[in-house]
1. Return yes when A:LEU94 is surrounded by fewer than 20 Cβ atoms within 10 Å (Cβ to Cβ), facing another protein chain (nearest Cβ under 9 Å), at pLDDT below 90 and not in a loop (DSSP other than H, G, I, E, B) and no when it is not.
2. Inside segment A:1-11, can you point out the residues that are surrounded by fewer than 16 Cβ atoms within 10 Å (Cβ to Cβ) and part of a strand (DSSP E or B)?
3. Hey, any hits in segment B:65-86 for a residue that's at the interface with chain A (Cβ under 10 Å from one of its Cβ atoms) and either crowded, with 22+ Cβ neighbours inside 10 Å or out of contact with any helix residue (DSSP H, G or I) (no Cβ under 9 Å at 6 or more places or on another chain) (or both)?
4. Write out, first by first residue and then by second, each pair whose Cβ atoms fall under 6 Å of each other, whose residues are 6+ apart or on separate chains, and whose first residue, in segment B:37-57, is over 20 Å from B:LEU113 (Cα atoms) and more than 8 Å from chain A (Cβ to nearest Cβ) while the second is among the polar types (S, T, N, Q) and buried (at least 16 other Cβ atoms within 10 Å of the Cβ).
5. Confirm whether A:PRO115 is surrounded by 21 or more Cβ atoms within 10 Å (Cβ to Cβ) and more than 13 Å from the chain's Cα centre (by Cα).
6. Evaluate the following for A:ASP55: is it more than 17 Å from B:THR103 (Cα to Cα) and of a type in the set (Asp, Glu)?
7. Filter segment B:1-22 for residues that are under 17 Å from A:LEU44 (Cβ atoms), away from every other protein chain (no Cβ under 11 Å) and part of a strand (DSSP E or B) and give the result.
8. Suppose we filter segment A:12-49 for residues that are over 28 Å from B:GLN6 (Cβ atoms) and either assigned to a loop (DSSP other than H, G, I, E, B) or within 10 Å of chain B (Cβ to nearest Cβ) (or both); how many remain?
Amino acid sequence: GNSVTQMEGPVTLSEEAFLTINCTYTATGYPSLFWYVQYPGEGLQLLLKATKADDKGSNKGFEATYRKETTSFHLEKGSVQVSDSAVYFCALSLSSQGGSEKLVFGKGTKLTVNP
Amino acid sequence: ETGVTQTPRHLVMGMTNKKSLKCEQHLGHNAMYWYKQSAKKPLELMFVYNFKEQTENNSVPSRFSPECPNSSHLFLHLHTLQPEDSALYLCASSQDPGGQAPTEAFFGQGTRLTVV
């Protein structure tokens, strides 16, 4: 089946530290990959995405590269800020002819950035 | 403003109550979803509607009853819930890509449901 595994949290970093959150996936077919972020008290927001192998998604200083050979989509940021404190979800989606896509999420990784 | 609005934001209900959650999207999307987010568990897809037709029911108990009167509105009717049903219920919408690469889903802020 289709599944997403991401590193267990919580992750606590100091401001300006380097961030990596690992994500690997299992999928039948060729999924699109996403990182969503959930700030306290909010719903999920799309952070970045990649739709095919070797694509790099980037937004707000975050990056992730679709690695088909390692079935990975690790999230990175060179210098985190306090405002990046949130829960981060890795997800995959497979399209189907005539049907709706279905997002499959990882369990989420809580990031806390201290000043 | 995400374009997906959920009401109410918070709901406390007794196990014998009947209540409904509402979701409205202003993005012109044709697919809508209900997700359940419980503490320490992955997001669980509950229902999928595509062009107002239910295309997926992920073995959700019948005490949860969805309704999609048009492609902009989605309801979740609740009846005889259990305390373990307490969770954040998220609505999302997307544009069916018609076989092309999937597009992203847009989420509402969720309804925090507490069953007492």
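1. yes
2. Those that are surrounded by fewer than 16 Cβ atoms within 10 Å (Cβ to Cβ) and part of a strand (DSSP E or B): A:SER3, A:THR5.
3. The answer is no, given that none of the residues of segment B:65-86 is at the interface with chain A (Cβ under 10 Å from one of its Cβ atoms) and either crowded, with 22+ Cβ neighbours inside 10 Å or out of contact with any helix residue (DSSP H, G or I) (no Cβ under 9 Å at 6 or more places or on another chain) (or both).
4. What qualifies is B:PHE51/B:ASN30; B:LYS52/B:SER71.
5. No.
6. On the way: more than 17 Å from B:THR103 (Cα to Cα): no; of a type in the set (Asp, Glu): yes.
So A:ASP55 does not fit the description; no.
7. B:LEU21
8. 9
The values are calculated or read from the model by the stated rules, or taken from the named source; none is laboratory data. All values derive from a computational prediction rather than experimental measurement. Ideal geometry is used to build each Cβ from the backbone, glycine not excepted, and the neighbour counts take in all protein chains shown.
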